[in-house]
Amino acid sequence: MNAPVDRVWAFLRDPDQVAPCIPGAERVETIDDTHYRVVAGAKVSFLSVSFALNVTLTEIDEPRRLVSVAEGMDARLKERVKLVAELTLEPAGARQTTIRYRIDLTVYGKLAALGLTVIKGKAKQMATDFATGIRTRVEAAA
């Protein structure tokens, strides 16, 4: 990414900046510096879901590493998800940053019954969209 680590870190720690990058985000509410409520929707195969998620930043190693856990349920279908995301930032020169991310997603209910291939494909698409959104917004501000 064409931005220094400190700028990328500041962006990632600002929920108002990150929210537009979250695919399907309907609402992001800040509880405190490490807790958020997020409502985000998605369509997976024939199911449309809207998850109310409690998000907690569980590890913060400024400005290098950020780990979050998001857990929630779709009110209508009672589908549940748990997502653990790890972002690692590394300087790639004075004005560039390499971001590595890993996401572990656990799904329950009808979503799980759709099959791992369908869910993994949707999750990968959403993760790519999220990363693209962050890159676009950070580089535009750089």
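Overview of values
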item	result
Number of the exception - T117 against (1) among the polar types (S, T, N, Q); (2) in contact with a Lys or Arg (Cβ under 7 Å, 6 or more places away or on another chain); (3) modelled with pLDDT under 90	(2)
Criterion: assigned to a helix (DSSP H, G or I), without any contact (Cβ under 8 Å) to a residue 40 or more places away in the chain, surrounded by 15 or more Cβ atoms within 10 Å (Cβ to Cβ) and touching a strand residue (DSSP E or B) at 6+ places or on another chain (Cβ under 6 Å) - qualifying residue of A70, A123, A85	A123
Candidates E29, E59 - the one that is surrounded by fewer than 16 Cβ atoms within 10 Å (Cβ to Cβ), touching a Ser or Thr at 6+ places or on another chain (Cβ under 9 Å) and either over 23 Å from V5 (Cα atoms) or of a type in the set (D, E, K, R) (or both)	E59
Selection from the stretch 73-100 of residues that are of a type in the set (G, A, S) and at negative phi	A75, A85, A92, A94
Residue list for the stretch 43-59, filter: in contact with a strand residue (DSSP E or B) (Cβ under 6 Å, 6 or more places away or on another chain) and not polar (S, T, N, Q)	V49, F51, A52, L53, V55, L57, E59
Condition check for L111: over 17 Å from I22 (Cα atoms) and either of a type outside the set (F, W, Y) or part of a strand (DSSP E or B) (or both)	yes
Hits in the stretch 42-70 (condition: at pLDDT 90 or above, over 12 Å from the mean Cα position of the chain (by Cα) and not polar (S, T, N, Q))	F51, A52, E59, I60, D61, E62, P63, R64, R65
Residue count for the stretch 1-55, restricted to those that are free of Cβ contacts under 8 Å to residues at least 40 places away in the same chain and aliphatic (A, V, I, L, M)	11
Hits in the stretch 73-82 (condition: surrounded by 19 or more Cβ atoms within 10 Å (Cβ to Cβ) and of a type outside the set (V, I, T))	D74, E79
Pick from the stretch 95-108, criterion of a type in the set (S, T, N, Q) and outside any loop (DSSP other than H, G, I, E, B), ranking: surrounded by the most Cβ atoms within 10 Å (Cβ to Cβ)	T97
Residue in the stretch 1-24 that is assigned to a strand (DSSP E or B) and either modelled with pLDDT of 95 or more or surrounded by fewer than 18 Cβ atoms within 10 Å (Cβ to Cβ) (or both) present	no
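The values are calculated or read from the model by the stated rules, or taken from the named source; none is laboratory data. On a predicted model such as this, the values are computed, not experimentally measured, just so you know. Neighbour counts are summed over all protein chains in view; Cβ atoms, including those assigned to glycine, are modelled from backbone coordinates with ideal geometry.
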